[in-house]
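Derivation of every value follows stated rules applied to the coordinates shown; laboratory data play no part. All of these numbers come straight from a predicted model, not from anything done at the bench. So basically every Cβ, Gly included, is an ideal-geometry build from the backbone, and we count neighbours across all protein chains shown.
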Amino acid sequence: MSEEATRPTGPHDRNVKAELPQNILAGLTVSFAAISLGAAFGLQSGRDNGIVIGILSAGVIAAITSLLGGTRIQCSGPTAPMTTVTMAIWAAATGVLAGQLADAQYTADHFMTMVLLLTGGLLLIMAVFRLGKYITLVPAVVISGFMNGIAILIWVGEVKKLFGAGGKAAYSGGIAANVGVALITLILLFALPKLINATVPKFKSFLPGTLITIILMTFAVHGMALGIETPTLSGIKSLQDLTDLASKQVPGSFDMNMLWLALPFALNLTLLAYLDTLLTSLVVDKKVKETFGYEDNTRQDKELVAQGLANGVVAFIGGIPGAQATIRSVLILKENATLRLAGILSGVFVLVEMLMFQDLVSYIPKAVFAGLLIKVGYDVMDWGPLTLWFRELKARPSAPKISQLEMFFIAGTTIITVVWNLNAAVIGFTVLFYIVRKARPEALDTEPEFLNET
C-alpha cells in the first residue's frame, strides 16, 4: 500500500498505537534543540542561575502548552523575543528599580514573579475576550520589521558581551579567544546539520547539529586549556532544592505599588507572547496542511489560555517566559509528529535530561552560547524582503516585487524596535499601515508571503 493511501485524511483519522514510536522519537529529537536553546536563553536573560532555570522553563512550558494548547502539534518554550524583553526587565529590576524594590522589601526575583503572573493573567483575559482572531490584522511588513529588530538586539547584546562594550564586562579568558570560540561555534552550527544530512541522513534525528556543536566545542576548549569563562550553576537535585527555589520567588506581602510598577513590563511580554505564539500557530497550521493534506487549525483562544498558564507556572520556579516557538514547532512536524504526545514528551525529556546532565552544563563556555545565540538571531531575521529588495535593485524582471513603501514599514519597525520599544514599533506601525493602506490600497498587502518560516 502506498504512503498516500495510508496517510491520515484528518487529525482524528489515525492509528494512534502505530504512531506512538514516531511521536516518541520526535519528542526526543526536539528536546535536544529545546534544552540547548533553553540554556542559551536562560543565560541571555541575566537571571540568577540562568542556564538551569532556562532549561527548566523550556521543559515546563513545552509540556503544559502541548497538553492544553489550541495548536495540537507544537513545541513552546523560551523564545528570542520573550528573552530579549526579560533581559531588559531583569536589568531594570537589578538596576534603576532596585531602590524602589528594596523600599517595598521586594527582591528582583519577587518583581519578576509579579511580572510573569501578570503576563499569564493578561493572556487569560485575552482568551476570555476572544482576542486571538485579531492576530491576522498585524501586517506582514510590521511582523518582518519586528523580527529583524529582535535579531539585531540579540546580535548587539552578544557582541557587547564578547568585546566588553556598552558597559558590559567581557568574558574572562581574553577577547580573542572568546570571539574565536564564538565564530567557530557559529560556523559549525551552519555546517554540521548539512554535513550530517548529507553523510548519515538516517541518523540525523540522533545527531542533532546544535547539541553536537556544543559538545564538540566544549571538549575542544577544555582540551586546549583556553581558560575562557564558563557559567557557575546551582543545580536542582532534589524536591527540597525545587521547593527552596520556589520559596525565593514569592514576596512576603503584596504591594499594590509593585503591581503598578510591574504592569507595563507585563503588557510588553503579553503582546510579545500573543504575537510570537499566534504567528507561529499560523505557520504550523500551514505546515500541517502541506504535510498531511488536511486542515488542523489552531484554536487561538485555547492556545492563549495554555500560554498564560505556562507563564504563570514558571513564575514560581524563577523561570523565564515563553511562547510557541517557530523553529521547534516546525522541527517537531518535520520529525513526523502527529500527536500532542510528541510536544508533551519533548518537555518531559528536557526535564529528565536536565536532571541527568545539569552538572555537565557548567563546563560549556559562555562564548559557545554566544555563538548559538548569534545563530538564533540569524534564524529570527526575516531575510526574504531584503533578498527581494536587492533583486529589485539589480532590476531582474523575474524577481517578485517589494515596494519602497513596504521596505519603509519594515525598516521603520526594525529601527524603532532596536532604539526604543518593540511594542511601540508594532502598534505604531500597524496603525500607520492601515492609515496609508486606506489612502493607497494598491501599494500594500497584509499577507505574510515573504516571512521566514524556519
**OP:** Work through the residues other than Ser247 whose Cβ is under 12 Å from its Cβ and net out their charges, Lys, Arg +1 and Asp, Glu -1.
**Re:** -2
Original post:
Taking R0 as 25 Å, what's the FRET efficiency between Tyr294 and Val16 from their Cβ-Cβ distance, rounded to 0.05?
Top reply: 0.95
Original post:
Can you give the extra length, in nm with one decimal, that the chain gains between Val419 and Asp48 once fully stretched, where that is 0.36 nm per residue apart less the Cα-Cα distance?
Top reply: 130.9 nm
**OP:** Using per-residue counts of other Cβ atoms within 10 Å, averaged over each peptide, order 124-135, 247-258, 343-354 from highest down.
**Re:** 343-354, 124-135, 247-258
**OP:** Would you tally the net charge around Gln358, using a Cβ to Cβ cut-off of less than 14 Å, leaving Gln358 out, and scoring K and R as +1, D and E as -1?
**Re:** -2
Subject >> segment 128-228, Rg to Rh (Cα coordinates; Rh as Kirkwood inverse mean 1/r) >> reply: 1.14
**OP:** Please list the helices of the chain that count as membrane-span-like by this rule: a mean Kyte-Doolittle hydropathy of at least 0.5 together with Cα atoms stretching 18 Å or more along the helix axis, each helix being a complete DSSP H run.
**Re:** 16-45, 50-68, 80-93, 108-128, 140-163, 175-199, 209-223, 256-292, 340-361, 366-380, 404-419, 422-439
Original post:
Quick one: which of 75-87, 416-428 comes out on top by average Cβ neighbours within 10 Å, and what's the full order, highest first?
Top reply: 75-87, 416-428
**OP:** Give me the number: length gained by fully extending Arg130 to Lys194, i.e. 0.36 nm times residue separation minus the C-alpha to C-alpha distance, one decimal in nm.
**Re:** 18.8 nm
**OP:** Answer with a single label: of (i) 129; (ii) 149; (iii) 168, which was calculated as volume of the Cα convex hull per residue in Å³ from the structure in view?
**Re:** (iii)
**OP:** Could you bin all the Cα-Cα distances of segment 22-117 into 5 Å bins starting at 0 and give me the percent of pairs in each, rounded to whole numbers?
**Re:** 3, 13, 20, 21, 16, 11, 8, 5, 2, 1, 0
Original post:
So what's the net charge close to Glu295: Lys and Arg +1, Asp and Glu -1, counting the other residues with Cβ under 9 Å from its Cβ?
Top reply: -1
**OP:** Let me have the 222 nm mean residue ellipticity of the chain computed from DSSP H runs of 4+ only, each contributing -39500 (n - 2.57), with the sum over all residues rounded to the nearest 500.
**Re:** -23000 deg cm²/dmol
Original post:
Is there a pair in Lys161/Lys248; Lys133/Lys289; Lys286/Lys366; Lys17/Lys289; Lys133/Lys375 whose C-alpha atoms are over 25 Å apart, and which pairs would that be?
Top reply: Lys161/Lys248; Lys286/Lys366; Lys133/Lys375
Original post:
Quick one: length gained pulling Ala102 to Lys168 fully straight, 0.36 nm per residue minus the C-alpha distance?
Top reply: 21.3 nm
Original post:
Taking the Cβ-Cβ separation of Ser247 and Phe219 as r and a Förster radius of 41 Å, what is the calculated FRET efficiency to the nearest 0.05?
Top reply: 0.65
Original post:
Relative to a virtual label point 7 Å from the Cα of Asp379 in the Cα→beta-carbon direction, which members of segment 138-161 show backbone nitrogen distances below 19 Å?
Top reply: 144, 146-159
